[in-house]
Amino acid sequence: MAQPVRSLAVSTPPRRACIIGLGLIGGSLGLALRARGWRVSGDDRDPDRVARALVLGVLDESGRDDTAEVTFVAVPVSSVAGVAREVLAANPTGLVTDVGSVKASVVEAVGDPRFIGGHPMAGSELEGLDGADSTMFEGAVWVLTPTAATADADLSRLRSVVASLGAEVVAVPPDRHDALVAVVSHVPHLTAATLMGMAAERSDEHAALLRLAAGGFRDMTRIASGHPAIWPDICAENRVAVLGALDDLIASLASVREVVDRGDREALLVRLEAARSARTNLPGRVARPSDLVEVRIPVPDRAGVLAEVTTLASELGASIADIEVTHSAEGDKGVLIVLVDAAAGEVFRGGLIARGFRPSLRRLQ
C-alpha cells in the first residue's frame with residue numbers, strides 16, 4: 001500500500017539584528033524588531049541595562065552579533081563613529097546605521113559605504129529602557145543619509161527594514177540633514193529650554209506665573225522636558241548649523257520686536273497669518289492608494305543612483321510611500337519603481353527629467 005506523501009515544511013531562520021546602546025531609542029528598536037519576527041541581540045556599556053533589556057523582552061540574547069544583517073548604533077553622538085567602525089571591522093557583510101541627530105561629521109568619520117547614517121525623528125519625555133515602546137516609530141519620519149558611495153541594494157534593504165517599523169523614510173545628504181535638523185529640532189529644543197528657564201526665574205518674583213502657564217506655553221515648552229544629557233554632544237557636533245539657525249532666529253525675533261515696538265498692526269497680522277498658513281500646511285502622511293502615483297525610472301546600474309533619486313524626492317517634498325529596485329537580466333540597466341504622493345508627482349517627475357532621467361508616471365487606482 002502506497003504511503004501518503006508528507007510535505008516537509010522548510011522553516012526560514014529569523015532575520016538577525018543587533019543594537020548597541022540600550023536606552024529609549026535602542027530599547028524601542030528592539031521591541032519593534034522582535035514584534036516583527038527578528039532575532040535581536042544587544043549590548044550596552046552598562047551590564048545592568050543589558051540584563052534589564054532581557055527581562056523586558058527587548059532582546060533575545062546579549063552581546064554583539066557579528067553576523068547580523070543590520071546593526072543599529074544607538075549610543076551618544078560623540079561615540080557613534082568609533083562604535084560603528086568596530087562593528088564594520090567585525091562584521092564583513094552586514095549593514096550598520098545609527099540613530100543620532102547629527103550626521104555629516106559621523107558619516108565622514110566612519111568612512112565606509114556599508115554605514116548609512118540614520119535619524120528617527122521620534123522620542124518621548126520618558127527616559128531609558130522603561131520608556132521603550134514598540135510603536136514609537138509608527139508614523140514618525142526616519143531620515144537616512146546615503147552618499148554617492150552607498151550601494152543601491154544596501155540603501156534599498158535598510159530603507160525596507162526601517163519602513164517595516166511603520167516609519168516614513170526620507171533620504172537627504174548628511175550635511176543637508178544637519179542644516180535642516182538644526183532648524184526643526186535642535187534650535188526649537190534650545191528655545192523651549194530658554195523660555196522655560198525665563199519663566200522659572202520670573203516665578204520666583206511672581207508665584208502665580210507658572211500657575212498661569214497653560215495652553216500655548218505648555219505646548220511650546222513640552223520638548224524642554226526631554227533628556228538633557230544628549231544635548232551637549234548634539235550642539236558640539238552640529239555647532240555650525242545650530243549657530244546659524246540661532247542667528248536666524250535672533251534676527252527674526254529682533255524684526256518682530258521692531259514691528260511690535262512701532263505698533264504696526266498690519267505688519268504683525270501679515271506675519272501671524274503667514275505663520276498660521278505654514279503651520280496648517282505642514283505635510284501629513286499619505287494613507288490611501290488613490291493618493292499615490294507610481295513613477296518608473298530607468299536608471300544605470302551604478303552605485304549612488306538610488307541615493308540621488310531619493311534625496312531629490314526629499315528636496316522636492318515628494319513623500320515616498322514605497323520603492324522597488326529591479327535589475328535587467330542583461331546589460332547595466334535597471335528600473336526604480338517609486339510610489340509618491342500624487343500632489344507632488346509631477347514636480348518629482350520634472351525634477352527627474354531635469355537630472356537627465358526619463359521617468360514615466362501612472363496614478364494608482
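The values are calculated or read from the model by the stated rules, or taken from the named source; none is laboratory data. As the structure is a computational prediction, the values presented were derived from the model and not from experiment. Note that we place each Cβ from the backbone using ideal geometry, even for glycine, and neighbour counts take in every protein chain shown.
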Exercise for review: Examine region 28-35 for a residue that is basic (Lys, Arg), over 21 Å from ASP154 (Cα atoms) and outside any loop (DSSP other than H, G, I, E, B), and state whether such a residue exists.
Suggested key: yes
Review point. Going through region 61-99 one residue at a time, which ones are charged (D, E, K, R) and in contact with a Pro (Cβ under 9 Å, 6 or more places away or on another chain)?
Key: ASP66
Review point. Among (1) closer than 22 Å to GLY23 by Cβ; (2) out of contact with any strand residue (DSSP E or B) (no Cβ under 6 Å at 6 or more places or on another chain), where does PHE72 come up short?
Key: (2)
Review point. Is one or more of the residues making up region 163-171 modelled with pLDDT of 90 or more, surrounded by fewer than 19 Cβ atoms within 10 Å (Cβ to Cβ), closer than 28 Å to VAL299 by Cβ and touching a strand residue (DSSP E or B) at 6+ places or on another chain (Cβ under 7 Å)?
Key: yes
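This table checks each residue for (1) under 26 Å from the mean Cα position of the chain (by Cα); (2) modelled with pLDDT of 85 or more; (3) surrounded by fewer than 19 Cβ atoms within 10 Å (Cβ to Cβ); (4) at positive phi.
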{"residue": "GLY284", "(1), (2), (3), (4)": "yes, no, yes, no"}
{"residue": "ARG296", "(1), (2), (3), (4)": "yes, yes, yes, no"}
{"residue": "ARG302", "(1), (2), (3), (4)": "yes, no, yes, no"}
{"residue": "THR310", "(1), (2), (3), (4)": "yes, yes, no, no"}
{"residue": "THR326", "(1), (2), (3), (4)": "yes, no, yes, no"}
{"residue": "GLY334", "(1), (2), (3), (4)": "no, no, yes, no"}
{"residue": "GLY345", "(1), (2), (3), (4)": "yes, yes, no, no"}
{"residue": "LEU352", "(1), (2), (3), (4)": "yes, yes, no, no"}
Review point. Are any of the residues in region 174-188 hydroxyl-bearing (Ser, Thr, Tyr) and under 22 Å from VAL58 (Cβ atoms)?
Key: no
Study note, to complete from the structure: When (1) under 11 Å from ASP130 (Cα atoms); (2) in contact with a helix residue (DSSP H, G or I) (Cβ under 6 Å, 6 or more places away or on another chain) are applied to THR71, the one that fails is (1)
Practice item. Could you check, for region 231-254, whether at least one of its residues is at pLDDT 90 or above, over 22 Å from the mean Cα position of the chain (by Cα) and among the hydroxyl-bearing types (Ser, Thr, Tyr)? Key: yes
Point to revise | Selection within region 71-99 - under 19 Å from the mean Cα position of the chain (by Cα) and without any contact (Cβ under 8 Å) to a residue 40 or more places away in the chain | key: SER79, VAL80, ALA81, ALA84, VAL96, ASP98
Check your understanding: In region 65-76, is there at least one residue being of a type in the set (Ser, Thr, Tyr) and farther than 27 Å from PRO232 by Cβ?
Key -> yes
Practice item. Please work out if VAL141 is under 27 Å from GLU324 (Cα atoms) and touching a helix residue (DSSP H, G or I) at 6+ places or on another chain (Cβ under 9 Å). Key: no
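Identify, please: which residue in region 306-320 is touching a strand residue (DSSP E or B) at 6+ places or on another chain (Cβ under 7 Å) and of a type in the set (A, V, I, L, M) and is, among those, farthest from ALA354 (Cα to Cα)?
Among residues in region 306-320 that are touching a strand residue (DSSP E or B) at 6+ places or on another chain (Cβ under 7 Å) and of a type in the set (A, V, I, L, M), the one farthest from ALA354 (Cα to Cα) is ILE320.
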Exercise for review: Within region 136-153, work out how many residues are crowded, with 19+ Cβ neighbours inside 10 Å and among the acidic types (Asp, Glu).
Suggested key: 1
Revision key, fill the gap. Checked ARG202, ARG222 against criteria (under 24 Å from the mean Cα position of the chain (by Cα) and either at pLDDT 95 or above or exposed (fewer than 15 other Cβ atoms within 10 Å of the Cβ) (or both)); the one match is ARG222
